[in-house]
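*Asks:* Here it is, the structure, as structure tokens.
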Amino acid sequence: MASNGRRTFLGACLGGLAAAAAAVTAWPVYRYLAPRPVATTAAKVDIPAKDVPEGEAKFFDLGGTSAVLVRKRGGELIALSAVCTHLGCIVQWEKSKQDFLCPCHGGLYTAEGAVVSGPPPKPLTKLPVTVANGIITVG
Amino acid sequence: MALFKRLIDWIDVRIGAREIVAKELTGYLLPRTINTWYSMGSILLFIFALQVVTGILLLIYYVPDADKAFKSVTYIMNQVPFGWLIRMCHAVGSNMMVLVLLFHMLSVLFMNSYKSPRELNWLTGFILFTLVQGISLTGYLLPWSQLSFWATTVATNSVSAIPVVGQYLVEFLRGGKLVGPPTLGRFFALHVALIPAGIAALVGAHLFLLQRTGVSTPPFGQKETANQWQGDGYRYESHPGGIPFFPNYALEDLRSIFIYLACFLAVVFFDPYLFFPRDAFLPANPLQTPAHIKPEWYFLANYQTLKIFPSEFLGLAVQGAGMTFLALLPFIDRSKERHPLKRPLFMVCAVGGILLWIGLTVWGHYS
């Protein structure tokens, strides 16, 4: 029994040492591989109003992700996330139909971001828009 | 434990795992007089694995472009968490690999283990030695520092001494008349793809040959030290009554690996720039050659030999002859005796050769 106890104790010590060595090795490798903080684009973007004519859409980078600003026929401004809610592709603006089509799996959204057809489970995320002195601010 | 045993049973009934373990590990018997020098191969396998892992990690941030390479290495060293550790392990590891490889070759040499039927083991080992030198040389250029650039310029230029095709060979190696961005591309491909694949294949061949011939018995502590191989047919050198590879010698291997790790990490943590002269920290400048540019320590003897001879061709020819002699040693040395102390001529040549190499290295360092 005494011999078995000693064997178990030494085994536990060895296991502990091996686990500590593995942790000491794994930590630097994990830190080395962990994503580096990159300078992200501003969380608010200013766009001159003249850059978005009626019926057109403007795509831009907002806080490290893709966004789109649409001026509907009639003048209403809508800002949306351009990331399809299905599998993360970037939607495309179909000017003739005034809707968004995801080229990956055919998800179709209205100009307001609501799902018309296809696999997207939810609408495109709406973003706040303000207009002042001819400048449209999104975000 | 019951689950673990069930898993082993599950595998065993499918592929006969226990039979392999019994034959290749617990039943793989080694000579009772085996010594620590036989662990060098295991240490080398460990180093090679570590070089592969750290090399893959470096590839994540390294950019093989002449305009970006130095910056990317500086970024790894200064910005990426533990980047300095990964790079230092890779750079120090490459030097250690050459050092341990030299010890491995010397132990095989002095125990006369290269003799029949192990000529192919020696030959594959010797090719591995040249490939390790090649992978070190090509890796040296990648940081695109002043040291990298000019050491590669000097190293590649020595090929020009070969008559007729020399100059063309230099341009072929460099991808142009001078070392430049095309050289970096070529050396990068050689360093990360071609040579590692060659080393892995030859390590496989080396181990296969070892498995087929069996481990040689050290000549020390034996009454009969003459080579018993007759050459009349294939015969595996077994060691009845010997010690099992697993767990006995595997633990010895593990101990040697830990001793190596202690030495290796001592350099990495306490003297990481041991192998880095000042020029290794300056970006390459093709218009400014630094003074006293020297190759790595293991090429210093070659460098000094080239300087001694009045003609570069003669210096290169002497080195080529020396390397050929070493590569073909088992075919030249046909003596049956294996104990080095019973072979005075062998000892004079071997010790003289080592002293000459050390002397040339020291001379090359201070010249």
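The values are calculated or read from the model by the stated rules, or taken from the named source; none is laboratory data. Note that this is a predicted model, so its numbers are computed, not measured. Please note: Cβ atoms are built from the backbone with ideal geometry, for glycine as well, and neighbour counts cover all protein chains shown.
*Asks:* Residues that are under 18 Å from A:Thr110 (Cα atoms), away from chain B (no Cβ under 14 Å) and modelled with pLDDT of 90 or more: which strands (runs of 3 or more DSSP E) entirely in the stretch A:32-89 hold 1 or more of them?
*Replies:* By residue number, A:57-62, A:65-71, A:77-81.
*Asks:* Conditions first: (1) in contact with a Ser or Thr (Cβ under 8 Å, 6 or more places away or on another chain); (2) not in a helix (DSSP H, G or I). B:Met40 passes all but one, so which condition is the exception?
*Replies:* So B:Met40 meets the others, but not (2).
*Asks:* On the basis of being at pLDDT 95 or above, surrounded by fewer than 18 Cβ atoms within 10 Å (Cβ to Cβ) and more than 14 Å from every other protein chain (Cβ to nearest Cβ), does B:Lys23 make the cut?
*Replies:* No.
*Asks:* Continuing with the same structure: Might you check whether a residue that is of a type outside the set (S, T, N, Q), in a helix (DSSP H, G or I) and surrounded by fewer than 17 Cβ atoms within 10 Å (Cβ to Cβ) occurs anywhere in the stretch B:211-233?
*Replies:* yes
*Asks:* When both residues are 6+ apart or on different chains and their Cβ atoms are under 7 Å apart, which pairs have a first residue that lies in the stretch B:108-121 and is over 15 Å from B:Gly41 (Cα atoms), and a second that is part of a loop (DSSP other than H, G, I, E, B) and not polar (S, T, N, Q)?
*Replies:* B:Asn112/B:Pro219; B:Asn112/B:Arg338; B:Lys115/B:Arg338; B:Ser116/B:Trp229; B:Ser116/B:Gly231; B:Pro117/B:Trp229
*Asks:* If you don't mind, there's one more thing I want to ask. Condition check: among the β-branched types (Val, Ile, Thr) and under 30 Å from B:Leu209 (Cβ atoms). Does B:Ile308 satisfy that?
*Replies:* Spelling it out, it is not the case that B:Ile308 is among the β-branched types (Val, Ile, Thr) and under 30 Å from B:Leu209 (Cβ atoms).
*Asks:* Among the residues that make up the stretch A:5-28, is at least one of them farther than 20 Å from A:Val129 by Cβ, crowded, with 16+ Cβ neighbours inside 10 Å and not assigned by TED's automatic domain parsing to the domain that holds A:Val131?
*Replies:* yes
*Asks:* On the basis of being under 24 Å from the mean Cα position of the chain (by Cα) and more than 17 Å from B:Gln288 (Cα to Cα), does B:Phe188 make the cut?
*Replies:* Judged against the criteria, B:Phe188 is a match.
*Asks:* Report, by residue number, each residue of the stretch B:73-115 that is of a type in the set (S, T, N, Q) and within 13 Å of chain A (Cβ to nearest Cβ).
*Replies:* Of everything in the stretch B:73-115, those that are of a type in the set (S, T, N, Q) and within 13 Å of chain A (Cβ to nearest Cβ) turn out to be B:Asn78, B:Gln79.
*Asks:* Out of the residues in the stretch B:289-302 that are touching a residue at least 60 places away in the same chain (Cβ under 8 Å) and more than 19 Å from the chain's Cα centre (by Cα), state the one that is surrounded by the most Cβ atoms within 10 Å (Cβ to Cβ).
*Replies:* Residue satisfying both the conditions and the ranking: B:Lys294.
*Asks:* Here is a follow-up. Any residue at all in the stretch B:323-330 that's more than 29 Å from B:Val92 (Cα to Cα), outside any helix (DSSP H, G or I) and at pLDDT below 95?
*Replies:* No, there is no match, as no residue in the stretch B:323-330 is more than 29 Å from B:Val92 (Cα to Cα), outside any helix (DSSP H, G or I) and at pLDDT below 95.
*Asks:* While we're looking at this one, here's another question. Has the stretch B:61-69 got at least one residue that is surrounded by fewer than 20 Cβ atoms within 10 Å (Cβ to Cβ) and either at pLDDT below 95 or of a type in the set (A, V, I, L, M, F, W, C) (or both)?
*Replies:* The answer is yes, given that some residue of the stretch B:61-69 is surrounded by fewer than 20 Cβ atoms within 10 Å (Cβ to Cβ) and either at pLDDT below 95 or of a type in the set (A, V, I, L, M, F, W, C) (or both).
*Asks:* Pairs under 8 Å by beta carbon, first residue assigned to a helix (DSSP H, G or I) in the stretch B:1-26, partner among the aromatic types (Phe, Trp, Tyr), six or more apart or different chains?
*Replies:* B:Val21/B:Phe246; B:Glu24/B:Phe245; B:Leu25/B:Phe245; B:Leu25/B:Phe246; B:Thr26/B:Phe245; B:Thr26/B:Phe246
*Asks:* Follow-up. Given the structure, is B:Ala226 under 30 Å from B:Leu50 (Cβ atoms) and of a type in the set (Gly, Ala, Ser)?
*Replies:* No, not satisfied.
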